[in-house]
1. According to a simple spin-label model (label point 7 Å from Cα along Cα-to-Cβ), what is the distance in nm between Ala5 and Thr180?
2. Helix 272-282 versus the longest principal axis of the chain: what is the Cα-based angle in degrees, 0 to 90, to the nearest 10?
3. Hey, rough spin-label estimate for Thr12 and Tyr209, points 7 angstrom out along Cα→Cβ, what's it come to in nanometres?
4. What per residue convex hull volume, in Å³, comes out for region 212-284 when only alpha-carbon positions are used?
5. So what's region 75-185 giving for Cα Rg divided by 2.2 N^0.38 Å, two decimals?
6. Select from Val126, Val193, Val226 the residue whose mean-square fluctuation is largest in a Gaussian network model of the chain (Cα-Cα springs shorter than 10 Å).
7. Gln34 to Asp160: FRET efficiency via 1/(1 + (r/R0)^6), r the Cβ-Cβ distance, R0 45 Å, to the nearest 0.05?
8. Three principal axis extents, largest first, for the C-alpha atoms of region 120-279, in Å?
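The values are calculated or read from the model by the stated rules, or taken from the named source; none is laboratory data. Predicted, not measured: the structure shown is a model, and the values here were computed from it. Positions of Cβ are generated from backbone atoms using ideal geometry, with glycine treated the same way; all protein chains shown enter the neighbour counts. Note: areas computed on protein heavy atoms with side chains; ligands, DNA, RNA excluded. Shrake-Rupley method; radii C 1.70, N 1.55, O 1.52, S 1.80 Å.
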Amino acid sequence: MKPQAVTIAGRTLRMTNLDRVMYPDGTTKAEVLQYLLSVSGALHEQLRFRPLTRKRWPHGVEAPSFFEKNLPSSAPEWIATFPFGRELVRYPVLEDTDVQPSLAYYAQGGVLEFHVPQWRIDTPSVPDRIVLDLDPGPGAAVSECCEVALLLADRLAPLDLAARPVLSGSKGLQLYIELTQDSPVPLGTPAAVISDFVKTLAQAMHTSYPNLVQWRMAKQVRTNSVFLDWSQNSPAKTTIAPYSPRGTQKARAAAPVTWDEIRSGDLQQFGLVAVQERLAEFGDLLQTDAPA
């Protein structure tokens, strides 16, 4: 397919290879672009004003990939940046304008995954949320992650900390806890304190459920259990954003689910089409569904 000029929300971009197959199931770059534009409102809520790390598969998921933090000098001038870190990496930032053109630019470059930290650029390195990342080891699956998620919800309830579940689109799921000034862990709590809190929680869960939950990172201890990755709350770490596609063998995306679905235990990761259908039917569950 010849290069073509595509105008999106008033911005014209040069798009190439829109017919390129990005996934073994035949999903093309054009279909990834269509997905990103379809979910742009919900995805924007998760990316806005956070330094954006992208993972690119320029030639599809069966070819090499790489992470990209710095915004290339060839990028459109209307994409905002946030210099951060010792080397002042120019992270792109998704603001409240040019959302769809920015996502189209990333799709053109083969971006399939968007990763963000738990903080925003107005409060660098100070989290505005907690993430509990549940990663199933060999012999475990999403069902075990759901079991751990329910146990965590029970453990957090007396602390008045409510979480919203998100299937990762890969193997596991995350629980997001939004922080406010009135939270038991209030907005403005240093990242080191939050990381220690989650690490202590993970250790306590392992003590209570030693055959189900692991807190240590060593892969050899994770068989038949779920690793509660407390390190995701470090300001230097990033987590896959809800509604982001995944660079998996099947065209999938991270997607929020309800606690009723978690309780059913009968969950599978969602494909791009299913995520769009769920968003159209239920709205953005991260904004509308009651946390547990």
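1. Distance between label points: 4.9 nm.
2. Helix 272-282 sits at roughly 70 degrees to that axis.
3. 5.6
4. Spelled out: Cα convex hull of region 212-284, divided by residues, is 141 Å³.
5. Values: Rg = 17.5 Å, N = 111, 2.2 N^0.38 = 13.2 Å.
Compactness ratio reported: 1.33.
6. Most flexible of the set in this elastic network: Val193.
7. Working: r = 41 Å, r/R0 = 0.91.
FRET efficiency, Gln34 to Asp160: 0.65.
8. 38, 36, 28
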